[in-house]
Amino acid sequence: MRSFAVIPVVLGFLFLIGCGGEERTEDVKAINQKTETIAVETIQCQMCVAYVQQAAAGVQGVDGININFDTKIATVSFNADYTSLSEIEKAIAKAGYHANETKRDEEAYVNLPDCCR
Ligand SMILES: [Cu+2]
């Protein structure tokens, strides 16, 4: 009779440990929130801004991107557990634009609308 009572207690205890573990993971994620700037010197018009925004926003872990057209600087906030600055640069380069030191994909660039080249 006694051993039957022990099983739910053990299961309950494991459940509590499990929940605690999840909470710790959430804390780490919050700490890994980063904001970085990316120079996007080759943008020509508002359409370019939209393309770059779309490319960066498509990267998993990116929470937001704001582009200053006058300074040609993009400010990106992202979760570093999911992505990195270089991953975001690569996504922008793949859309046809230089991103910091990451050079654009020439094929993507050639396929941009005339106003964007
Ligand atoms: Cu453009």
Exercise. Report the local net charge at residue 105: Lys and Arg +1, Asp and Glu -1, summed over other residues whose C-beta lies under 10 Å from its C-beta.
Key: +2
Exercise. Work out, step by step, the length gained on full extension between residue 45 and residue 71: first 0.36 nm times the residue separation, then minus their alpha carbon distance; give nm to one decimal.
Key: 8.1 nm
Exercise. Name the residues whose placed amide hydrogens come within less than 5 Å of the amide hydrogen of residue 61, ignoring near sequence neighbours (fewer than 5 apart) on the same chain.
Key: none
Self-check item: Equivalent ellipsoid semi-axes, the range 23-117, via Cα gyration tensor eigenvalues times 5, rooted, Å
Solution: 27, 12, 10
Quiz prompt | Amide H within-cut-off set for residue 99, under 5 Å, with H built and near neighbours excluded | solution = 104
Quiz item: Ignoring ligands, DNA and RNA, how do 107, 87 rank by accessible area with a 1.4 Å probe, largest first?
Solution: 107, 87
Self-check item: Table column - 3J(HN,Hα) (Hz), the range 96-103, Karplus curve with 6.51, -1.76, 1.60, x for Gly and Pro
Solution: x, 10, 5, 9, 6, 8, 7, 7
Self-check item: Student exercise, the range 33-116 dipole from Lys, Arg, Asp, Glu Cβ charges, in Debye to nearest 20
Solution: 60
Quiz item: Roughly how many percent of the accessible protein surface of the range 33-116 is carbon and sulfur, given a 1.4 Å probe and a whole-percent answer?
Solution: 46
Quiz prompt | From phi via Karplus (6.51, -1.76, 1.60), per-residue ³J(HN,Hα) for the range 32-37 in Hz, x at Gly/Pro | solution = 7, 6, 10, 10, 10, 10
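The values are calculated or read from the model by the stated rules, or taken from the named source; none is laboratory data. Because the structure is predicted, anything quoted here is derived from the model rather than measured. Cβ atoms come from the backbone with ideal geometry, glycine included; neighbour counts cover every protein chain shown. Only protein heavy atoms, including side chains, enter the accessible area calculation; ligands, DNA and RNA are left aside. Shrake-Rupley method; radii C 1.70, N 1.55, O 1.52, S 1.80 Å.
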